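One structure below.
Every number here is computed from the coordinates shown, using simple stated rules; none is lab data. Note that the structure is predicted; figures quoted are calculated from it, not measured. Note that we place each Cβ from the backbone using ideal geometry, even for glycine, and neighbour counts take in every protein chain shown.
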Amino acid sequence: MAGVLKFSEAASIAIHGLILMAGAKDTPVTSREISESFGVSENHTRKVMQRLARSGLITSVRGPGGGHMINRDYRSISLLDAYEAIDGPLGTETCLFQKSRCPAESCLLGGMLSEVDRVVRRHLGGTTLAEFAAGVGRRGA
């Protein structure tokens, strides 16, 4: 059963790729390794890595032995940092429409959307890559 909360595939690749990089410590991880680890398109992974590099979260190393490395201490990078580097600021929407359309004075969903946004922001912001990095190893390493 699908849930209400949805992450873009790009944000998912970013978060999972960063966790893989955090587990690799100071060794570059290639886009191919990331895409194969999670069964996603290598081309899409490359584009996501470019966006992470532009955001300053990672550095790309060219040439043989190159790949992607986290640019700062992974213990200080939250899942929210990764999400927002790809999908932009996590919203605090109070309506499913761009502008309130409910016929009543208050939203039909009450404050549920705002509360979900607060819970997700708190969870992602309070969870760092370090919480996952120790359990991640590179395939074939």
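Summary table below
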{"item": "HN-Hα J in Hz across the range 48-65 - Karplus 6.51, -1.76, 1.60, θ = phi - 60°, x for Gly and Pro", "result": "5, 5, 4, 5, 5, 5, 5, 6, x, 6, 10, 10, 9, 10, 8, x, x, x"}
{"item": "Ordering of 19-26, 119-126 by burial proxy (mean other Cβ atoms within 10 Å per residue, highest first)", "result": "19-26, 119-126"}
{"item": "Rough spin-label spacing in nm, given labels placed 7 Å along Cα→Cβ, for Ala134 and Gln50", "result": "3.7"}
{"item": "Potential extension, Lys25-Asp87 segment - 0.36 nm per residue separation minus Cα distance", "result": "19.8 nm"}
{"item": "Difference of contour (0.36 nm per residue) and Cα-Cα distance, Ser114 to Lys6", "result": "37.3 nm"}
{"item": "Potential extension, Arg32-Asp73 segment - 0.36 nm per residue separation minus Cα distance", "result": "12.4 nm"}
